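To start, the structure itself, in structure tokens.
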Amino acid sequence: MLFGSNILEVGIAVIFVYLLLSLVCTALNEGIASLIDKRGKNLVEGIKNLLNDPKFTGLAQQLYNHGLIGGISQYASDPSKRTRLPSYMSGESFSLALLDILSARGIIAGKYGDLLANAEAADDAYEEALEAAAVAPGDPQRAAAVTQAKDARDRARVALEAIAEKAKLAYGQAVQAAKAAPDDTALVKAEAEARHEADSISAALKMLDARHAAIASAKNPKEVKLLLTAGATLKEALAFARDFATEYPDPLGNIQEGLKRLPEGHTKETLLVLVDKTRREVTAIEHQAEAFRKNLEDWFNKAMERVGGWYKRWTQRVLLCLATLVVVASNADTVMLIERLSKDNVLRASIVAAAEDTVKTQPDAVSAQTALKAAENLKLPVGWSLNPDDPGYFRTPKLSWEYTGWAFYKIFGLLISILAVTLGAPFWFDTLSKFVNLRSAGTPPGESSKSAPQPG
């Protein structure tokens, strides 16, 4: 029985060392992720993929420039600092912001959607021509293609501006006519219609300006002013469109018209499918927009599950590198640990006591700091030594069977520890809890089992 108890204590001590190393690696991993804003970048890549906006000049950037999303970005209210990407976005915020943008595009699409779509396509063609010319700067054909694309882009914008000028002039005339005969309901109605025309084309121009600003911002992502300009211009376009949102008896139909003019791709196809799904689920027109929003939210949440998988795989790769670095640097050789702990009763007992104290801590309070504090008075059996009599002695490489055997067991022990540490702190906390409870003849009645700690 004593022999079995010793084996259990050795197991608890080794697991405790694994837990300490895992917590250190987790803390380092979290530090790296925070330093490079990995969560935020991972999220934005997921949104770009979801909204078919790889260059971040279309729907994805419009979403990030929307007030609902910009408001959860760090430094969003400080123009002197570059906005830090949000590391989390709720499904509700995503669906509300996207619904607002799609509604605005639908309102514009009613009369000027084709012109706006042509202008946006001309923008894309011009940017592609610039990229092609940059690859071969001396190619006259590519230079000519840039000139042609620029002319096409300018003509598309001029077409919108010409309509805007006519609408503005017509509105001014309608205002004067209504002032001259304020009791004439026909003139008052004509004034409202003229204002509607002027604001609609203004919204289309603002949406195009927002796209130009988005392209400039995407080319120079570190320029805060360009990003702020893109956001401010989009807000003006959305403000114009919102004024007329209540005038449309079929909000979902309005959104559908805007979707038809999106660039071809999986986003357009998916959103049109969601519109059809919404119509089948909800027949009352006044409730369809909210039902569509909920379908957008579900679509986003399912997509974010895949994006979370991207981050998890990145974390596993980084954790493997960190585990290798920490285990080798600390010489946390599993074979050596078992050998030393089996022979040193005092050391084993002290580590087991520290492990029991750690298990008593609330799982969500266990972090690298608290675990290391519990072990600060311990002489953990890790580390390299220059003393030939120390089990952690680093042997100078040489051609001999003795050194080959030592190197084999050393590498084998380090590999076991590396693989163990990559399992993560939550796994080892749960395992440690079970071993400690087993040593104490089970969990006392009335006490619920502990769950794994979250990364500290």
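Sort region 199-310 into rounded, prolate or oblate with this rule: let a ≥ b ≥ c be the square roots of the eigenvalues of the Cα gyration tensor; rounded if a/c is under 1.5, and if a/c is not under 1.5, prolate when a/b is larger than b/c, oblate otherwise.
Here region 199-310 falls in the oblate category.
Starting from the Cα-Cα distance between Lys398 and Asp37, subtract it from 0.36 nm times their residue separation and give me the gain in nm to one decimal.
Separation in residues times 0.36 nm, less the Cα-Cα distance, equals 125.5 nm.
Over the chain, how many percent of alpha carbon pairs lie in each 20 Å bin up to the one with the longest distance?
For the chain, the binned pair fractions read 19, 35, 25, 16, 4, 0 percent.
Report the FRET efficiency, 1/(1 + (r/R0)^6), for Asp298 and Asp357, where r is their Cβ-Cβ distance and R0 is 51 Å, rounded to 0.05.
0.65
Which of rounded, prolate, oblate describes region 9-162, given a ≥ b ≥ c as roots of the alpha-carbon gyration tensor eigenvalues and a/c under 1.5 marking rounded, otherwise prolate only if a/b is larger than b/c?
It comes out prolate by the Cα gyration axes.
Could you bin all the Cα-Cα distances of region 110-227 into 10 Å bins starting at 0 and give me the percent of pairs in each, rounded to whole numbers?
13, 29, 27, 16, 10, 4, 1
If packing is taken as the average number of other Cβ atoms within 10 Å across a peptide's residues, how do 18-28, 194-204, 157-167 rank, most packed first?
So the peptides 18-28, 194-204, 157-167, ranked by packing, come out 18-28, 194-204, 157-167.
Could you pull out every one of the lysines with an alpha carbon less than 21 Å from that of Lys410, ignoring same-chain neighbours closer than 8 positions?
Output for Lys410: Lys343, Lys379, Lys398.
Do the alpha carbons of any pairs in Lys235/Lys302; Lys168/Lys189; Lys111/Lys268; Lys41/Lys222 sit beyond 22 Å of each other, and which pairs?
Flagged as over cut-off: Lys235/Lys302.
Hey, with R₀ at 41 Å, roughly what FRET efficiency would Ala232 and Trp384 work out to, going by the Cβ-Cβ distance, to 0.05? Don't jump to the answer; show the numbers that get you there.
Details: r = 58 Å, r/R0 = 1.42.
About 0.10, to the nearest 0.05.
Among all helices in the chain defined by DSSP H, which have a length of 27 Å or more along the axis from Cα atoms plus a Kyte-Doolittle mean of at least -0.5?
Length and hydropathy pass: 2-35, 91-135, 140-180, 185-219, 224-245, 285-330, 401-421.
Calculated from DSSP H runs of 4 or more alone, at -39500 (n - 2.57) each and per residue, what is the 222 nm mean residue ellipticity of the chain, nearest 500?
Values: 16 runs with 341 residues, N = 456.
That calculation yields -26000 deg cm²/dmol at 222 nm.
Just so you know, all these numbers are worked out from the coordinates, no wet-lab data involved. This structure is a prediction, so every number in the text was calculated from the model and none was measured. Glycine gets a Cβ as well: all are built from the backbone with ideal geometry, and neighbour counts include every protein chain shown.
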